Amino acid sequence: MRNAAVTGHPIGHSKSPLIHGYWLKQHGIEGSYIAQDVPPETAETFYGSLAKHGLVGCNVTIPNKEHAYKAAEKLDDAAKTIGAVNTLWLDEDGVLNGSNTDGLGFLGNLDQILPDWDNNGNKAIVLGAGGASRAIIWALLSRGFTEVYIANRTLEKAQKLADHFGPNTIAVSWDTLGETLGEADLLVNTTSLGMAGQPELTIDLNNLSKSAVVTDIVYSPLQTNLLREAKAQGNPSVDGLGMLLHQAVPGFEKWFGVRPHVTAELREMIVKEMGLT
Ligand code: NAP
C-alpha cells in the first residue's frame, strides 16, 4: 500500500485529503492520503526521512515550502525558479524529488476552462508580488508570454521579482495600473485582495480590451469582485478553484501511478465541502 500526505503547520484546514481521497476511490487504488502536522522546526528532517514515516511522497504547505526546497535532493525547473516546493516524491532510486505544481495548476485550469486562452496574445498583467505570484509568472513565461507586467502595492517587491525573472518581466506601479491595463491580453490577480476576510480588489477595468482574459487565483469566494466586474464588461473570466484542483494532479500521478482528472463532480464536491459561493 502506498501512502502520501499533506504536511504543514497547522494542517487541519487543508482540502487536499478530500481531493486525493476522491481520486483514490475513483481509481480503486489501495493507498492512503492523510493530513500530517509537521512543525517548521522539524520539517527538513521529516522530509529527509519520508520512507521512515511510511510515505512515498507528500504535499507541502505553509510554512514549510522553503524547508522542503532545502530537503529535496533533486528539483525540477519550476521548483528551482519559484524557490519553493509544494510536492515531494521518492523516485525508484530512493532520491527525494521536489516540484512546485502551482504554476502547472494555474495553466491546467485555464487550459480546461478556456482552451484557447494563450492564443489570445502574449502580454499579461500579474497583480501581486507575494509567494503565489512567483508560480504564476513562471507559468506565463513557460507558455511564451513575452511581456509580463508585475503590479504590486509595494513596488520594490515587484522590482525584485522582475530582476529575478529577467527581461520579459516589467515591474509597474499600482498607481499607473490603469494605463498598463490597455496593453493586457490576460489579467490575473495573485494578491490576497478579494479573499474572504480581506478588502475587495477594486480596479477600473475600463481600459482593458474586451477580449482580455481575466482570472483570479483567490477561490474563496469563487466569484470575486474582479471576476464580477470582468463579466459585467463582457471579458472572458476564470475563477481560481480549478488551480487548487489541478495543482494536485502531478503529485497524485507520481505517488500512485495514475494521472487523475479534474472532473465536474470533484469540483462540485469541493464547492459543497468548503461552502463556496
Ligand atoms: P502573500 O505572499 O501574503 O502575498 C500577498 C500579496 O497581496 C502581496 O502582493 C501583497 O502586496 C498583496 N496585498 C495584500 N494586501 C493588500 C492590500 N490591502 N492592497 C494591495 N495589495 C495587497 O500571499 P500568497 O501566498 O501569494 O497568496 C495570495 C492569494 O493567492 C491568497 O488569497 C491565496 O489563497 C491565493 N492562492 C490560491 C491558490 C490556488 O490554488 N488557487 C494557490 C496559492 C495561493 P504587498 O507586497 O504590498 O504586501
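The table for this structure:
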item: Within a Gaussian network of the chain (alpha carbon springs, distance under 10 Å), most fluctuating of Y22, Y69, Y219; result: Y22
item: Listed pairs K15/K80; K80/K160; K25/K254; K15/K272; K80/K157 exceeding 21 Å between Cα atoms; result: K15/K80
item: Those trypsin sites (Lys or Arg not before Pro) in the range 183-271 that DSSP places in a loop and that have at most 10 other beta carbons within 10 Å; result: K210
item: Ascending count of other beta-carbon atoms within 10 Å, so fewest first, for V6, V262, V85; result: V262, V6, V85
item: Set of lysines near K210 by C-alpha distance (under 24 Å), chain-local residues within fewer than 8 positions excluded; result: K123, K231
item: Residues H20, H261 arranged by fewest to most Cβ contacts within 10 Å; result: H261, H20
item: Alpha carbon centroid spacing (whole Å) that separates the range 169-198 from the range 133-167; result: 11 Å
item: Segment K80-L222, length gained on full extension (0.36 nm per residue, minus Cα span); result: 48.1 nm
item: Helical mean residue ellipticity (222 nm; -39500 (n - 2.57) per DSSP H run of 4+; nearest 500) of the chain; result: -10500 deg cm²/dmol
item: Positive dipole terminus of the chain, leading residue within L110, S173, G121 (C-beta point charges); result: L110
item: Point-charge dipole on Cβ atoms (K/R +1, D/E -1) for the chain, about Cα centre, debye to 20; result: 360 debye
item: Helix 155-165 axis, angle to the chain major axis (alpha carbon atoms, nearest 10°); result: 60 degrees
item: Selected from E92, E253, E66 as most flexible by GNM, with the chain as the system and alpha-carbon contacts under 10 Å; result: E92
item: E273/K160 FRET efficiency (R0 35 Å; Cβ-Cβ; nearest 0.05); result: 0.40
item: For the chain, share of DSSP beta bridges that run antiparallel, in % to the nearest 5; result: 20 percent
item: Exposure proxy ranking, count of Cβ atoms within 10 Å, fewest first, for E229, E200; result: E200, E229
item: Cβ-defined net charge surrounding T87, 11 Å radius [Lys, Arg +1; Asp, Glu -1]; result: -1
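Here, each number is a calculation from the coordinates, and none is a lab measurement. Keep in mind it's a predicted model, so treat the numbers as computed, not measured. A quick note on method: Cβ atoms are made from the backbone with ideal geometry, for glycine too, and the neighbour counts reach across all protein chains shown.
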